[in-house]
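Q: Here you go, one structure.
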Amino acid sequence: YSDHCPLTPLKWARQLFLINSFSVRRSARDITNMSQQAANGLPCRGKVLNLDNMNPNVRRVEYAVRGAIVQRALQIDKELKEGVKKPFTEVIKANIGDAHAMGQKPITFLRQVLALCAYPDLLDDNKFPDDSKQRARRILEACGGHSIGAYSSSQGIECIRQDVARYIEKRDDGISSDPDNIYLATGASDAIVTMLKLLVCGKGRDRTGVMISIPQYPLYSAALADLAAVQINYYLDEDKCWSLDIAELKRAVTAARQHCNPRVICIINPGNPTGQVQSRQCIEDVIRFAKEEHLFLMADEVYQDNVYAEGCKFHSFKRVLFEMGPEYSTTVEMASFHSTSKCYMGECGFRGGYMEVINMDPEVKAQLTKLVSVRLCPPVPGQALLDLVVNPPQPDEPSYDKFMKERTAVLAALAEKAGLTEQIFNTVPGITCNPVQGAMYTFPRITLPQKAIDKAKAEGQVPDMFYCMKLLEEEGICLVPGSGFGQREGTFHFRMTILPPTEKLKFVLQKISDFHIRFTQEFS
Amino acid sequence: MSALQEMSPNVRNIKQLQYVALIRRASQIKEELRQKVRKPYKEMIDVCWGDPHRAGVKPLTFVRQVLAACLYPQLVDSDTLPVDVRQRARMLLRGCAGGSVGSYTAPAGTSEIVHGISEFITRRDGGAPSYPENIYISPGSQWALQNIINVLVNSEPSSPKTGVLTPLPCYSTTISSMVGLGAVAVPYSLCEERGWELQVEELQRALESAKGVCKPVALYIVNPGNPTGYVQSRKSMQEVIRFASEKRLFLLADEVYQDCVYGDNSEFVSYKRVLAEMGPPLSDTVELASFHSASKGFMGECGLRGGYVELVNMDPAVMKYIYTLFSADSCAPVLGQFALDLLTSPPQPGDPSYPLYRQETRHIRSTLVRNVKRVFEVVNSLPGFSCQPVEGGVFAFPRMHLPPAAIHKATEMGMQPDLFYCARLLEEAGVFVIPGCEYGQKEGTYHIRFCIMVQEDIMEELLRRLTSFHTQFMKDFS
């Protein structure tokens, strides 16, 4: 299904399965009320639903961010709790982009309004500022029965979509946004999967091909496997700070036309796992490319507030599209995605997000509207939260100062940690780290001694998984191996979040550095 | 990119809602009423969703206090809220990474809440054990159902399509989910004359009808029923289980209305419990997924999106893939997970919040029981209208015996007769209900579905308007 990738998804699945059988049996997940035969590990041929007849697409699905290494980390957590002695006292989960889990504090204003929405009796409590009450009242007014517990329309509460449209207009210097083109979703992930469900079709050589960056956020590869779409990899240029190269896009799409029907290009900006922030020129080039090759453009922009590097700026695909003039702005079909999980809010647990569709064929849009109704509606607290993100306190409002202080502090801390991470990793021989221009991760390249690579292969493990597992066992630090995101053949990476508080991050960076040196020596 | 030819056929095949025009008109009417346009009514009665809060039922105080404290933990330390509320909030927050509802949880839900659910299930089912590792929390039960159906569907283009036996009538979203995933719904008719009873002979007939069309792999049951309100007897459930075992069907038991049972002779018992009580070999082999939700029952927290599935007797190798599927979804919204915890571990006698909790739930329950009785009385007293007893669930699904002139008029207008009736009812009486054609019904029969989980005074007003409209309608078309 994928070209030029070191391991096909099916091979990855087999690797994962082998890794699972080598690692210590995960207690909880394996115990089911099953017959003795199954308990002895014999194949459950008698089962109505078994490996042979289950959806073959689902067998190809993987999601490294929560994969085998995380399961081992959870097990170690358990062992620590049970008093098992280890060289560390806690497992530091630097695998997942979850800011609050790493100690980042929620923004006060957001939580005040949400508490008021949840329990409106608090509207009489003078501990809450007036602007928070005003926002809560407005949101409740728009909810069925004035309750966040009522279903909303499947596309999302209308006045919130209007607010989102206004926010986009303001962000994009007045370029108009139609609320009817806004679809609220259960996180950006839900919207991304919905779009792919809509677009993937065809059989054999006509099967839809979807272009995605390597490295990529593995939600994309998981969704493409689930839909049996053809994954078309385009490589980001590690030597040029993970930038995107049009020649590489051309190469990938031309090769893909031999065996599938390329229809979509996905781009993550700022990037995950790479953190690169695309230049305006690059964005224009991608738009031109999408038009030339007749591709639907999916712009994943969930990290749009997370930009740290000097000289880097977030340019929304929509804005650039419209500034390129009517030849492009009336023809290129696009969807852009945003979320409440990242940026300065970090509210992953709310599952709030939206997509804006641009230049979509009206009949296709009708199908999209029909499709989202199968999900009933996105979580209303997430919709409410999104409304606050696009409607933050204004300078003349009581909560403004505190809100801005908290927001600035979060983004400043992230910027500091981004710089620190790049700096420290680049002092370690065998670790090369591109600048973390944005997002929440670093994706350094690690040089592994041949002996280590051989040892890994002998144990049936991908080399960077072998490396990360060893780091986990020896230091209690959980990262995700680069193989989970995709990388050029023969190269190895890991993804680490920059989210732990600064002191802890320094500690983690030191431990990883020390580990790398030790590892290199051990396998020299 | 051209339009419909270049789109997923699965998506194209999802049926557009029949009553879409009604939704639009209802929206317009709401706006017109806001603009004070003159109408024979001051307010629209919107009872088309199974959404208690929308219909005026109040959220449970304890639930909302706990959620507020979890959202804004300053409330945990102040004494604005009762002490048991604060204790529960503290406990729930301890289960969150970083003590925040903004963190992701484990894909299946936070471990404490999942354990709480398994304990609830064990208590509910008379001690039949429930294992936390078999439970997955999802953004609403439909989401979990979609994930399970996804695993069941055989997606190979050369293979016959996967079939799922579904009741007729059936909640339309489930059918749409199946079609969207590439499965085929194979309808088995519920027997209206016998209170919408499920008959095994009908399951057999349905199975046979699938020959040459698709390969049925699962049997989907809604108990208590939607839209029908039927509550299955233990005996019927045993027959279904035996049938599923014999025909090698995966059992999908949608039990989201389990807390809404009113019939004098009805009792909800879970499929899991009946299966466990039947003993081996059935209890060890029949593969079952049962679904529950915080959207229904007394909580009615539809907007929070909290539901779960319990998987029984699954192949452990397949379970690994189910875990991966749920993990790619990240996790269910944390507030939805909390709602499930409050559902499965409500205040107990002795807790400070218990008296109010009891009062509120009793009130909702007695309202429902009264509403059910009133609907049955009023609808059955009207000529050309009949209603089976509503034993459970939150809907009434009465049958209209429409005069030929009305059917003729509807056909002329290119509408299903019951859709025509509903359009008229909306326009002239300001009552928004859903026509039976949306759910499937026996040819030549017509129904409407409306939610009965509404405040008493609204129910009375609804019945008053319905009576007056129906009487006039029957006269106009006699």
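The values are calculated or read from the model by the stated rules, or taken from the named source; none is laboratory data. Source: prediction; values computed, not measured. Note that each Cβ is placed from the backbone with ideal geometry, even for glycine, and that neighbours are counted across all protein chains shown.
Q: Which numbered condition trips up B:Arg54, out of (1) more than 12 Å from chain A (Cβ to nearest Cβ); (2) surrounded by 15 or more Cβ atoms within 10 Å (Cβ to Cβ)?
A: (1)
Q: Residues to consider are A:Val302, A:Val332, A:Val320; find the one that is under 18 Å from A:Cys266 (Cβ atoms) and out of contact with any strand residue (DSSP E or B) (no Cβ under 8 Å at 6 or more places or on another chain).
A: After ruling out the rest, the residue left standing is A:Val320.
Q: Continuing with this model, one more query. Within the range A:148-173, restricting attention to residues that are touching a helix residue (DSSP H, G or I) at 6+ places or on another chain (Cβ under 7 Å) and polar (S, T, N, Q), which residue is nearest to the other protein chains (Cβ to nearest Cβ)?
A: A:Ser152
Q: Same structure, new question: Applying the selection to the range B:30-53, what residues are among the hydrophobic types (A, V, I, L, M, F, W, C) and more than 24 Å from B:Phe397 (Cβ to Cβ)?
A: Within the range B:30-53, B:Leu33, B:Val37 qualify.
Q: I'm checking my understanding of the structure. Among residues of the range A:112-147 that are facing chain B (nearest Cβ under 7 Å) and among the polar types (S, T, N, Q), which one is nearest to B:Glu31 (Cα to Cα)?
A: A:Ser147
Conditions (1) assigned to a helix (DSSP H, G or I); (2) among the acidic types (Asp, Glu); (3) on the phi > 0 side of the Ramachandran plot; (4) surrounded by 24 or more Cβ atoms within 10 Å (Cβ to Cβ), marked per residue:
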site	(1), (2), (3), (4)
A:Leu448	no, no, no, no
A:Ile453	yes, no, no, no
A:Glu473	yes, yes, no, no
A:Gln487	no, no, no, no
A:Glu503	yes, yes, no, no
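Q: Among (1) at the interface with chain A (Cβ under 7 Å from one of its Cβ atoms); (2) over 26 Å from B:Ile322 (Cα atoms); (3) not in a helix (DSSP H, G or I), there is one condition B:Pro157 misses while meeting the rest; what is its number?
A: Every condition holds for B:Pro157 apart from (2).
Q: Residues in the range B:86-108 that are part of a helix (DSSP H, G or I) and either modelled with pLDDT under 95 or within 7 Å of chain A (Cβ to nearest Cβ) (or both): how many?
A: So the answer is 2.
Q: Check whether at least one residue in the range A:237-249 is out of contact with any Asp or Glu (no Cβ under 9 Å at 6 or more places or on another chain), among the hydrophobic types (A, V, I, L, M, F, W, C), under 26 Å from A:Val65 (Cα atoms) and surrounded by fewer than 18 Cβ atoms within 10 Å (Cβ to Cβ), and report yes or no.
A: yes
Q: Which numbered condition trips up A:Lys86, out of (1) surrounded by fewer than 15 Cβ atoms within 10 Å (Cβ to Cβ); (2) within 12 Å of chain B (Cβ to nearest Cβ); (3) modelled with pLDDT of 50 or more?
A: Only one criterion in (1) surrounded by fewer than 15 Cβ atoms within 10 Å (Cβ to Cβ); (2) within 12 Å of chain B (Cβ to nearest Cβ); (3) modelled with pLDDT of 50 or more is unmet by A:Lys86, namely (2).
Q: Restricting to the range B:277-293, what's the tally of residues that are more than 9 Å from chain A (Cβ to nearest Cβ) and touching a residue at least 24 places away in the same chain (Cβ under 8 Å)?
A: 9
Q: Just a yes or no: is a residue in the range B:71-85 under 30 Å from the mean Cα position of the chain (by Cα) and within 9 Å of chain A (Cβ to nearest Cβ)?
A: Taking every residue of the range B:71-85 in turn, at least one turns out to be under 30 Å from the mean Cα position of the chain (by Cα) and within 9 Å of chain A (Cβ to nearest Cβ).
Q: A further question follows. Going by the conditions given, is B:Ser111 free of Cβ contacts under 8 Å to residues at least 12 places away in the same chain, within 13 Å of chain A (Cβ to nearest Cβ) and over 21 Å from the mean Cα position of the chain (by Cα)?
A: It is false that B:Ser111 is free of Cβ contacts under 8 Å to residues at least 12 places away in the same chain, within 13 Å of chain A (Cβ to nearest Cβ) and over 21 Å from the mean Cα position of the chain (by Cα).
Q: Restricting the search to the range B:6-23, which residues are assigned to a helix (DSSP H, G or I) and away from every other protein chain (no Cβ under 12 Å)?
A: Correct list: B:Ala21, B:Leu22.
Q: Still on this structure, please answer the following. Contact list please: Cβ distance under 6 Å, first residue in the range A:214-242 and under 17 Å from A:Gly202 (Cβ atoms), second residue part of a loop (DSSP other than H, G, I, E, B) and of a type outside the set (Lys, Arg), pairs at least six apart or on different chains.
A: A:Ala225/A:Val61; A:Asp226/A:Val61; A:Leu227/A:Val200; A:Ala229/A:Val200; A:Val230/A:Tyr1; A:Val230/A:Cys260; A:Gln231/A:Tyr1
Q: If the requirement is being modelled with pLDDT under 95, assigned to a loop (DSSP other than H, G, I, E, B) and either more than 22 Å from the chain's Cα centre (by Cα) or more than 8 Å from every other protein chain (Cβ to nearest Cβ) (or both), which of these qualifies: B:Lys296, B:Lys320?
A: Exactly one of B:Lys296, B:Lys320 is modelled with pLDDT under 95, assigned to a loop (DSSP other than H, G, I, E, B) and either more than 22 Å from the chain's Cα centre (by Cα) or more than 8 Å from every other protein chain (Cβ to nearest Cβ) (or both), namely B:Lys296.
Q: While we're looking at this one, here's another question. Got a sec? Which helices (runs of 4 or more DSSP H) wholly within the range A:163-265 have at least 3 residues that are of a type in the set (A, V, I, L, M, F, W, C) and touching a Ser or Thr at 6+ places or on another chain (Cβ under 8 Å)?
A: By residue number, A:187-199.
Q: Applying the selection to the range B:336-384, what residues are touching a strand residue (DSSP E or B) at 6+ places or on another chain (Cβ under 7 Å) and either modelled with pLDDT of 95 or more or under 25 Å from B:Gly307 (Cα atoms) (or both)?
A: Within the range B:336-384, B:Gln337, B:Leu340, B:Val375, B:Val379, B:Asn380 meet the criteria.
Q: In the range A:81-100, what count of residues is obtained for those that are touching a residue at least 40 places away in the same chain (Cβ under 8 Å) and in a helix (DSSP H, G or I)?
A: Number of matching residues: 1.
Q: Further question: Which condition from (1) within 30 Å of A:Lys85 (Cβ to Cβ); (2) free of Cβ contacts under 8 Å to residues at least 12 places away in the same chain is the one that A:Gln461 breaks?
A: Result: A:Gln461 fails condition (2) only.
Q: I'd like to know if the range B:134-143 contains one or more residues that are more than 27 Å from the chain's Cα centre (by Cα) and part of a helix (DSSP H, G or I).
A: So far as the range B:134-143 goes, no, none of its residues is more than 27 Å from the chain's Cα centre (by Cα) and part of a helix (DSSP H, G or I).
Q: Identify, from the list B:Glu208, B:Glu202, B:Glu197, B:Glu193, the residue that is more than 18 Å from B:Pro227 (Cα to Cα) and surrounded by fewer than 18 Cβ atoms within 10 Å (Cβ to Cβ).
A: Residue meeting the stated conditions: B:Glu208.
Q: List the residue pairs whose Cβ atoms are under 6 Å apart, where the first residue sits in the range B:134-163 and is under 27 Å from B:Ser111 (Cβ atoms), the second is buried (at least 23 other Cβ atoms within 10 Å of the Cβ) and among the charged types (D, E, K, R), and the two are 6 or more positions apart or on different chains.
A: Within 6 Å, the pairs are B:Asn134/B:Glu310; B:Ile135/B:Glu310; B:Pro139/B:Arg305; B:Gly140/B:Arg305.
Q: Can you tell me which of A:Val436, A:Val364 is modelled with pLDDT under 95, crowded, with 16+ Cβ neighbours inside 10 Å and either outside the structural domain of A:Tyr308 (by TED's automatic domain parsing) or not aromatic (Phe, Trp, Tyr) (or both)?
A: Of the residues listed, the single one that is modelled with pLDDT under 95, crowded, with 16+ Cβ neighbours inside 10 Å and either outside the structural domain of A:Tyr308 (by TED's automatic domain parsing) or not aromatic (Phe, Trp, Tyr) (or both) is A:Val364.
Q: So, one more: Please list, ordered by residue number, the strands (runs of 3 or more DSSP E) wholly in the range A:296-384 having 1 or more residues that are away from chain B (no Cβ under 11 Å) and within 24 Å of A:Phe109 (Cα to Cα).
A: Where strands (runs of 3 or more DSSP E) fall fully within the range A:296-384 and carry at least 1 residues being away from chain B (no Cβ under 11 Å) and within 24 Å of A:Phe109 (Cα to Cα), they are A:334-339, A:352-358.
Q: Another question, then. Which of the numbered conditions does A:Leu74 fail, given that it passes all the others? Conditions: (1) more than 20 Å from the chain's Cα centre (by Cα); (2) farther than 20 Å from A:Lys504 by Cβ; (3) facing chain B (nearest Cβ under 8 Å).
A: Tallying (1) more than 20 Å from the chain's Cα centre (by Cα); (2) farther than 20 Å from A:Lys504 by Cβ; (3) facing chain B (nearest Cβ under 8 Å), A:Leu74 fails exactly one: (2).
Q: Could you please find all residues in the range A:92-111 being touching a strand residue (DSSP E or B) at 6+ places or on another chain (Cβ under 9 Å), surrounded by 23 or more Cβ atoms within 10 Å (Cβ to Cβ) and more than 9 Å from chain B (Cβ to nearest Cβ)?
A: Listed by number, the residues that qualify are A:Ala94, A:Asn95.
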